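The values are calculated or read from the model by the stated rules, or taken from the named source; none is laboratory data. This structure is a prediction, so every number in the text was calculated from the model and none was measured. Don't worry about glycine lacking a Cβ; one is built from the backbone with ideal geometry, like all the others, and counts go over all protein chains shown. Please note that ligands, DNA and RNA were not included when accessible areas were found on the heavy atoms of the full protein model with its side chains. Shrake-Rupley method; radii C 1.70, N 1.55, O 1.52, S 1.80 Å.
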Amino acid sequence: MDKVKVSNIRVYAHHGCLKEETAIGSEYLVNVSVDANLTKASISDKLSETVDYVHINHIVKEEMKIPSKLLEHVGKRILDRIFLEIEIVKKAEVEVSKINPPIGGDVEKVTIVLKQKRKK
């Protein structure tokens with residue numbers, strides 16, 4: 001299986017359990033990796049036969065605009081849309097990182113990682 005990775009998508013969003021987090025917002029990084037058969041695209045040179053990373057970026061930005069209490073929730077929405085909208089994808093992994101989380105310490109980021117396979 002081949003891979004397409006979209007790394008370090010930077011987004012300003014309003015996720016969190018605290019009122020301050022959803023009111024003020026913060027910076028996030030999102031990484032997406034998908035597995036698909038890219039053989040046809042490698043021969044044909046046609047965008048229609050591969051995973052369009054512009055489409056992945058669009059999905060991430062749209063879903064990150066919708067506030068969630070948990071990063072797990074927004075990550076699952078991203079995965080669901082990838083499988084709904086990009087038929088060639090067989091497996092996907094998404095990492096959502098909150099930069100400088102408000103957890104009372106000097107922490108660069110917290111990250112959740114979700115993986116999913118296409119249901120047959």
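Assorted remarks:
- Largest GNM mean-square fluctuation across ASP52, ASP106, ASP35, computed for the chain with C-alpha springs under 10 Å, falls on ASP106.
- If R0 equals 22 Å, the separation of the Cβ atoms of SER42 and LYS117 corresponds to a calculated FRET efficiency of about 0.45.
- ARG10, ARG77, reordered so the largest accessible area comes first (probe 1.4 Å): ARG10, ARG77
- Shape annotation for segment 1-111: C-alpha extents along the principal axes are 52, 24, 18 Å, from largest to smallest.
- Degrees, to the nearest 10: 71-85 long Cα axis against longest axis of the chain: 20
- The mean accessible area for residues of the chain, using a 1.4 Å probe and ignoring ligands and nucleic acids, is 64 Å² per residue.
- Whether segment 63-116 is rounded, prolate or oblate, judged on the alpha carbon gyration tensor where a/c under 1.5 counts as rounded: prolate
- Counting Lys and Arg as +1 and Asp and Glu as -1 over every other residue whose Cβ lies under 13 Å from the Cβ of LYS5, the net charge comes to -2.
- Computed from the C-beta positions of GLU49 and GLU27, the FRET efficiency with R₀ = 35 Å rounds to 0.50.
- Charged-residue dipole, Cβ positions (Lys, Arg, Asp, Glu), the chain about Cα centre, Debye nearest 20: 440
- For the chain, relative contact order (Cα pairs under 8 Å, six or more residues apart, normalised by length) works out to 27 percent.
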